[in-house]
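Here the structure comes first, spelled out in structure tokens, and everything after it is commentary.
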Ligand code: KG4
Ligand code: ZN
């Protein structure tokens, strides 16, 4: 079954054609990152206008790349939430209109569910053979994830630990109580002056700083040890304290403390860590890159340990990563470290399917379409949509 997927929830415009929820025939993404970079974040008004300008060319390009005709498409799917209302409206309206004009079933897709289903995507066998892989290699392409599994959904606006016992069956184990992981990356990158989007910028700065340490033959141990909110006994997360600690470090709270000025409320724990940072500074090691690395380590630590605990409690053999932060190399490595000794397999999408794209939208739609599902054409955008969690 060929599905045309459309994604327009934020600042990426995507169209993709996917066969049977897995095989990619075309995946086109027009990104607005360069436009929003100068503002340090996404400007919703600008984003929706850009969506409008990009959507039709992106869909046309996808159809051309897939070398398929409209008669080959069996359903149209578009993201209807969560996301920015104005941006969502563009893709949803175009998707519903195309379905109506072509007399095809229409499916509205939950963006978070789409991020999870990016794990089912793989290149087509043909594309793989053309790119030089031999048939034996193709036989070892990763298979479908196996249920039950734990999924860590970490995007710009969400951080959730989810148990999936079957397709489209979600039990919420924990979620962030304040900032989402991606949001923390973005805000801290802003504090450190590393630019937008924050995740890739922090990852890059941290990698360079750690390499520098290695070259100087200094111990790779980072002098900055940032606080971790463990929220023991729950699978919930909290990243706002970490962000505040970074803010205080960057604003030179150390200087205030030395001058005898009182610390702001909640500064007690921060002061301990800033003192450590200060010591590092005296040793000539103070470094934005190392600060970025310390932040990344703290966030990755909590995400990886909590995911491992959930995987153990629910006796799963597999863990999936989903969402933009799933592109983070340190997170992937730290999770491997936690899970591999326990024989639990970690699966994550290739980098280009971690951030927003339409292939994942078509993949998720396929598993709903298998049960004959479709939406009426009066489906509206739902900017605050969450995953459809089961009540237990
Ligand atoms: O899933 P996504 O593309 O959009 C939403 O649905 O929110 O996620 C975007 C988020 C941003 O916060 C971005 O900074 C983060 O994913 N991100 C990363 C990396 N690449 C993107 N965070 C950490 N490391 C990365 N390599
Ligand atoms: Zn997303």
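Readers should treat all values here as calculations from the given coordinates under stated rules, not as data from a laboratory. Note that the structure is predicted; figures quoted are calculated from it, not measured. Positions of Cβ are generated from backbone atoms using ideal geometry, with glycine treated the same way; all protein chains shown enter the neighbour counts.
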- Note on the structure: Least to most buried among 224, 117, 39, by other C-beta atoms within 10 Å and fewest first, runs 39, 224, 117
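Take the Cα atoms of region 332-389, build their convex hull, and give its volume per residue in Å³.
Values: hull volume 9.4 nm³, N = 58.
Taking the convex hull of the Cα positions in region 332-389, it is 163 Å³ per residue.
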- Query: Which of the peptides 19-28, 84-93 is most tightly packed, and how do the rest follow, going by the mean number of other Cβ atoms within 10 Å of each residue?
  - Reply: 84-93, 19-28
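Please report 354, 68 as a ranked list, fewest other C-beta atoms within 10 angstrom at the top and most at the bottom. Write down the numbers at each step before the final one.
On the way: 354 25, 68 17.
Least crowded to most crowded, the residues run 68, 354.
Quick check: from the Cα gyration tensor, does region 288-328 come out rounded (a/c under 1.5), prolate or oblate?
Numbers: a/c = 4.78, a/b = 2.03, b/c = 2.35.
Cα axes put region 288-328 in the oblate bin.
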- Message: If I model a spin label at residue 72 and residue 177 as a point 7 Å from the Cα along the Cα→Cβ vector, what separation in nanometres do I get?
- Response: 5.2
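In what sequence do 1, 360, 164 fall when counting other Cβ within 10 Å, fewest first? Before the final figure, lay out the partial values.
Numbers: 1 14, 360 33, 164 20.
Ascending Cβ contact count within 10 Å gives the list 1, 164, 360.
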